[in-house]
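Contents: one structure, followed by commentary.
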Amino acid sequence: MPEMIHRPRRLRRTGAIRALVRETRLAPENFVLPLFVCPGTNVRREISSMPGVYNLSIDETTNEVSAAYDVGVRSIILFGLPETKDAMASGAHAEDGIVQRAIRAIRKSTPEMIIMADTCLCEYTSHGHCGVVRDGEVINDESLELLALTALSQASAGADIVAPSAMMDGQVGAIREMLDNAGFEQTAIMAYAVKYASGFYGPFREAAQSAPEFGDRRAYQMDPPNAREAMREAELDYGEGADILMVKPATVYLDVLKMVRERFDVPTAAYHVSGEYALIKAAAQKGWIDEERVMMETLTSIKRAGADIILTYYAREAIKLLKK
Ligand code: PBG
């Protein structure tokens with residue numbers, strides 16, 4: 001028998017030894033739970049392509065948030081389905097907009113929860129694009145003012161962190177300036193810095209009723225094959241004052257996530273998006289995979305690649321398992 005000094009299996013022998021040498025650990029504080037707030041009362045409508053995820057009216061949202069807090073969730077991110085939509089997304093920055101009202105209600109009912117607000121226009125525009133549209137094009141600079149007003153209204157309602165996701169050039173700088181001028185220099189910005197034009201957002205567009213009426217988002221979201229360009233996007237947002245840099249989607253862009261982690265010394269976030277969630281759910285419902293195992297393996301891979309913060313529809317389930 002050949003001499004064999006190194007035997008990696010020695011450290012895999014028991015569960016206790018494996019835990020001793022484990023390199024990556026998920027913690028409840030890593031997770032952010034996305035929630036979709038809709039008009040009405042007592043509304044709890046399941047998204048057909050995202051089993052376990054609901055459109056919730058504000059009263060139901062506050063219940064959900066307090067239940068999530070009890071499980072160990074410490075951060076949420078809010079998306080809104082407004083009563084009405086228009087070309088200029090007025091619902092996005094209305095003082096009594098759906099998300100603004102939800103933020104105030106949650107601040108009261110679960111004061112300790114970290115409240116993040118997605119800052120975008122697509123849920124509020126009649127055409128479903130993330131900015132102002134003219135002649136079939138999304139106009140960058142005119143959208144900045146609306147995005148900044150949206151962030152300001154979210155901050156004044158009590159959001160701890162605003163999260164611009166429209167992929168307009170200069171949006172982080174415009175938001176930072178407007179927040180600072182209004183005295184909200186303590187409101188943090190989590191930039192969706194690297195957001196790809198992805199097929200994995202399909203179920204979200206059902207959940208947020210935000211599918212574009214014409215065309216797609218390829219003229220503002222990033223082209224999936226590009227990674228160097230992602231560094232440019234991250235660099236710009238960092239320079240404009242982003243406190244946290246996000247990569248989205250997560251699992252099919254782990255290489256990009258790792259690059260962002262290595263280059264920028266601000267916290268890194270990754271969004272495990274609706275389609276990534278739906279794939280696991282659907283296969284599990286068919287009995288083809290073990291849902292808990294695949295969920296934890298997936299979330300661990302995102303952390304191992306460098307995410308400090310993971311936005312996921314599985315936040316509650318993952319935290320429950322971690323606490324077992
Ligand atoms: C808003 C926004 C989207 C998502 C987060 N913010 C949709 C999009 O860009 O079309 C996707 C989240 C998910 O798929 O879970 N612009």
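The values are calculated or read from the model by the stated rules, or taken from the named source; none is laboratory data. This one's a predicted model, so the numbers in the text were calculated from it and none came from an experiment. We place every Cβ from the backbone using ideal geometry, glycine too, and count neighbours over all the protein chains shown. Keep in mind that these areas ignore ligands, DNA and RNA; they rest on the heavy atoms of the full protein, side chains included. Shrake-Rupley method; radii C 1.70, N 1.55, O 1.52, S 1.80 Å.
The table below lists the values:
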{"read-out": "Residue within the range 238-246 that is surrounded by 17 or more Cβ atoms within 10 Å (Cβ to Cβ), within 14 Å of the ligand (Cβ to nearest atom) and within 25 Å of ILE115 (Cα to Cα) present", "value": "yes"}
{"read-out": "Test: residue in the range 169-188 that is under 21 Å from TYR313 (Cβ atoms), within 15 Å of the ligand (Cβ to nearest atom) and either outside any loop (DSSP other than H, G, I, E, B) or at pLDDT below 95 (or both)", "value": "no"}
{"read-out": "When residues of the range 301-324 are limited to those that are more than 15 Å from the ligand (Cβ to nearest atom) and closer than 16 Å to ILE280 by Cα, the one most open to solvent (accessible area, probe 1.4 Å)", "value": "GLU317"}
{"read-out": "Residue count for the range 114-143, restricted to those that are outside any strand (DSSP E or B) and within 9 Å of the ligand (Cβ to nearest atom)", "value": "6"}
{"read-out": "Filter result (open to solvent by 50 Å² or more (accessible area, probe 1.4 Å), in a helix (DSSP H, G or I) and among the acidic types (Asp, Glu)) within the range 247-281", "value": "ASP255, GLU262"}
{"read-out": "Meets criteria (open to solvent by 20 Å² or more (accessible area, probe 1.4 Å) and more than 11 Å from the ligand (Cβ to nearest atom)) for GLU233", "value": "yes"}
{"read-out": "So LEU152, is it out of contact with any strand residue (DSSP E or B) (no Cβ under 8 Å at 6 or more places or on another chain), of a type outside the set (S, T, N, Q) and either assigned to a helix (DSSP H, G or I) or open to solvent by 50 Å² or more (accessible area, probe 1.4 Å) (or both)", "value": "yes"}
{"read-out": "Any hit, the range 284-293, residues being within 15 Å of the ligand (Cβ to nearest atom) and acidic (Asp, Glu)", "value": "no"}
{"read-out": "Residue within the range 191-201 that is surrounded by 14 or more Cβ atoms within 10 Å (Cβ to Cβ), within 24 Å of VAL132 (Cβ to Cβ) and among the β-branched types (Val, Ile, Thr) present", "value": "yes"}
{"read-out": "Pair list, Cβ under 7 Å, 6 or more apart: the range 20-40 residue farther than 15 Å from ILE302 by Cα and in contact (Cβ under 8 Å) with a residue 60 or more places away in the chain, other residue assigned to a strand (DSSP E or B) and polar (S, T, N, Q)", "value": "PHE36/ASN55; CYS38/ASN55"}
{"read-out": "Filter result for ILE289 (more than 15 Å from GLY199 (Cα to Cα), of a type in the set (Val, Ile, Thr) and outside any helix (DSSP H, G or I))", "value": "yes"}
{"read-out": "Unique residue being of a type in the set (Gly, Ala, Ser) and within 16 Å of the ligand (Cβ to nearest atom) when the list is GLY97, GLY40, GLY15, GLY72", "value": "GLY97"}
{"read-out": "Of residues in the range 50-85 being open to solvent by 40 Å² or more (accessible area, probe 1.4 Å) and assigned to a loop (DSSP other than H, G, I, E, B), the one modelled with the highest pLDDT", "value": "ARG74"}
{"read-out": "Unmet requirement for HIS129, which otherwise passes all of (1) within 22 Å of ALA270 (Cα to Cα); (2) touching a residue at least 60 places away in the same chain (Cβ under 8 Å); (3) touching a Leu at 6+ places or on another chain (Cβ under 8 Å)", "value": "(1)"}
{"read-out": "Residue within the range 213-228 that is of a type in the set (Phe, Trp, Tyr), within 15 Å of the ligand (Cβ to nearest atom) and in contact (Cβ under 8 Å) with a residue 60 or more places away in the chain present", "value": "yes"}
